[in-house]
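Peer 1: Here it is, the structure, as structure tokens.
Please treat every number below as a calculation from the coordinates, not as lab data. None of the values given here were measured: they were computed from a predicted structure. Methodologically, a virtual Cβ is constructed for each residue, glycine included, from the backbone with ideal geometry; neighbour enumeration extends over all protein chains shown.
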Amino acid sequence: MTIKTNIFIETLYPQFEVDVKQVLSGTKKIFKYFLEEKEIFNKSCLNNNEFKTISFDIVFCNNEKIHEINKEYRQKDMPTDVITFALFADSNEEDRFIFDGEINLGEIIISLDKALEQSKEKQHSFGEELFFLISHGIMHLLGYDHQSEKELMFMLEQQGKSMEKVNVKIHAQQLF
């Protein structure tokens, strides 16, 4: 079965330039890995559903905006790196909506400020950090969570494997 993937990327942070084509290309590779990995797919919210198309959004913002979102929706008064709104996965199975064969998984919101800060702290490229955050968000969109150490280790292991599929380097360029 061929699955069409619609990934929409929006930036709320025009002072920070990211190559959207490269992000889209890398994200599609990561997502393809998760769909093809039976262990992941079979435990995901997609299993046992009929669909032809999957869509989700990635929104890039700054620390100020993600802090606002984190405070409003998670009651955490601080900026964070990634927030995921998993519309499909977080719905009860009987309430999950598939329209004309399309599933909207939800939205991943990423602070580019945090991604850049964390890439420097971890001493790896901005692109690696950005794709790590995207892969983390995708796992949440698929219904995975990390409430236990075992769940976190599984997610991190799968994120690492998915990152091997991305050989795209993105360079951060802040335009201040």
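Peer 1: What do you get for the angle between helix 112-122 and the principal long axis of the chain? Use alpha-carbon atoms, 0 to 90 degrees, nearest ten.
Peer 2: Result, in degrees: 80.
Peer 1: Next question, about the same structure. About the Cα centre of the chain, what is the dipole size in debye to 20, counting +1 per Lys and Arg Cβ and -1 per Asp and Glu Cβ, all else neutral?
Peer 2: Details: 20 positive and 30 negative charges, 116 e Å.
It comes to approximately 560 debye.
Peer 1: With the contact rule set at Cα under 8 Å and sequence spacing of 6 or more, what percent relative contact order holds for the chain? Can you show the working numbers first?
Peer 2: Details: 287 pairs, mean separation 51.9, N = 176.
Answer for the chain is 30 percent.
Peer 1: Rounded to whole Å, give me the distance from the Cα center of the range 22-82 to that of the range 127-148.
Peer 2: Centre-to-centre (Cα) distance: 6 Å.
Peer 1: Farthest toward the dipole's positive end in the chain, which of Ile69, Gln158, Cys45, given Cβ charges of +1 (Lys, Arg) and -1 (Asp, Glu) about the Cα centre?
Peer 2: Farthest towards the positive end: Gln158.
Peer 1: Exposed loop GluC sites (Glu not before Pro) only (DSSP loop, at most 10 other Cβ atoms within 10 Å): please give the longest stretch of the chain free of them, not including the sites.
Peer 2: It runs 51-163.
Peer 1: Now for a different question. Would you tally the net charge around Ala86, using a Cβ to Cβ cut-off of less than 10 Å, leaving Ala86 out, and scoring K and R as +1, D and E as -1?
Peer 2: Values: positive: none; negative: Asp90, Glu107, Asp145.
Counting the neighbours of Ala86, the net charge comes to -3.
Peer 1: Could you compute the net charge surrounding Gly143? Neighbours are other residues with a C-beta less than 10 Å from the C-beta of Gly143; K and R count +1, D and E count -1. Walk me through the numbers before you get to the answer.
Peer 2: On the way: positive: Lys43; negative: Asp90, Asp145.
That works out to -1.
Peer 1: Would you calculate, for the chain, the mean residue ellipticity at 222 nm contributed by helices, counting each DSSP H stretch of 4 or more residues as -39,500 (n - 2.57) and dividing by all residues, to the nearest 500?
Peer 2: Working: 6 runs with 76 residues, N = 176.
When only DSSP H runs of four or more count, the value is -13500 deg cm²/dmol.
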